[in-house]
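Here's the structure we're looking at; comments come further down.
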Amino acid sequence: MNLLQVAWWNVRTLRRRLLGLVAMVAVAGAVCLSAIGIASNAQGTTTSQVGESTANRSVTVDSPEGRPDTAQLTDATEQRLAKIAHVVSVQHRLQVSMPVRDNPEGADLLYATTYRKALAPPVVKSVRKQLFPLHRGEVVFPAATHGVDLSSMVGRTVTVDAHHYVRPGVGDTVSDRVKVVGLYDPGWQFDGPDTAYVDDATVVKWAAAAAGKTTDDYLRTSGWDQLTVVADSAAHVPGVLKTVQKMNYPAVALQQQLEALPGVLQLVALTGNVLLGVLGVLAFAGAVTVTGALGRQRAQEVGILKAVGFRGRSVTGMLVAEMAIAGAVAAAAGVVLAVGVAGAAAAGLRRIGDIAPYVHDTVPLPSLPTMVSLSVATVVVVAAGAVLPARRAARMSPTEAMKDW
């Protein structure tokens, strides 16, 4: 008969005495696993939705005004930037004034701007499901501007006046017709207030007319007023930004404005680590308390074992094995309980509007390797907590043990 068999029989016999330890460790383990699962789920979702979002992977390059030795943001420049390592796309922006002549709502001046996928405006109303890219002669207005509600403009065709350069100091107006196909949230002002998103060809045509050039000549000489360089991952943004700046272009990364994000993600991860520490302390303290109490209560049993030839090492091993088995049962019960706790917690969190997007999994539990590692760690901690009380009990002589009983 080996020690594990004896320990298993003792655990079955003493199950009522061990119930408190098992329940405490199981509940602590369930709370810990469910919290880590929810935190990991939220952290992963945050990293993918924010940390690795297109906006957080973008570098904004402005026109090099006042730098005569630096080429303008032409198509050639766009192609050069696209060849930088880890760059997946370069998106251009051009903006030109767009007076609206027959706007019945009274908002008469907007700024026609090309659309960039990396910084897409939040559409609140549109004539079709997939609004972008825009077709020729289409425009997206802000839902409100200058205190004027433009919600009734969707579907209407309006006349806009584009400036046409004739010669220095002389110009005229060229009218054009565009259709309002959508509205976006006016709080979105990455391209400035009073922005209207228009298809690229139309914006370039108006900008070229204002400069007195053909569209081809305009793109070759004047170019875009801003470019957005998108990296393949957030980790490569600093390198891309440094390369662009070395080319003497003024450039900034939106990632620089989200410096607090890594700290938030680390805080989420730290919460899980703190819970792990709490679980370890509870399991260790519980094992010390229960093993010490059982050692005193079972003094006669220890004395008999010593009297029939059991060595102190064998007695210590048996008592530690009992606690390890109790820890294993508690860890298994904690995993089962964690499924219910995590599922209930996730269901509650999904009812909170601001938190719901970050809790996708029905039962957000840690990965299988993490759960196995935590379960093994629980058994080890419980067993470690039993070592000192078990050694004290095993050091008693048979006479002293029988006397204490």
Legend entry - Loop-resident sites, region 66-104, for trypsin sites (Lys or Arg not before Pro), counting at most 15 other Cβ within 10 Å (DSSP): LYS83, ARG101
Inset, instruction - Averaging sequence separations of C-alpha pairs under 8 Å and six or more residues apart, then dividing by the length of region 57-257, give the relative contact order as a whole percent. - result: 38 percent
Inset, instruction - Calculate one ³J(HN,Hα) per residue across region 183-195 by plugging θ = phi - 60° into the Karplus curve 6.51 cos²θ - 1.76 cosθ + 1.60, and present them in order as whole Hz with x for glycine and proline. - result: 10, 10, 4, x, x, 7, 10, 5, 9, x, x, 6, 8
Inset, instruction - Using amide H atoms built 1.01 Å from N in the peptide plane, name the residues 5+ places from HIS92, or on other chains, whose amide H lies under 5 Å from its own. - result: THR228
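Ranking ILE36, ILE325, ILE84 by Cβ neighbours within 10 Å, fewest first, what do you get?
ILE84, ILE325, ILE36
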Inset, instruction - Find how much the distance from ARG101 to VAL387 grows on full extension, using 0.36 nm per residue of separation minus their present alpha carbon separation; answer in nm with one decimal. - result: 94.3 nm
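How would region 123-251 be classified by its alpha-carbon gyration tensor: rounded, prolate or oblate, with rounded meaning a/c under 1.5 and the a/b versus b/c comparison settling the rest?
oblate
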Legend entry - Filter on LYS205/LYS242; LYS117/LYS205; LYS83/LYS205; LYS117/LYS213; LYS129/LYS205 - keep pairs with C-alpha separation over 31 Å: LYS205/LYS242
Legend entry - Length released on extending from LYS246 to GLU65, taking residue separation times 0.36 nm less the Cα-Cα span: 63.6 nm
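None of the figures in this text is laboratory data; all of them are computed from the coordinates on show. Computed from a predicted model, the values in this text were never measured in an experiment. Using ideal geometry, Cβ is built from the backbone for each residue, glycine included, and neighbour counts are taken over all protein chains shown.
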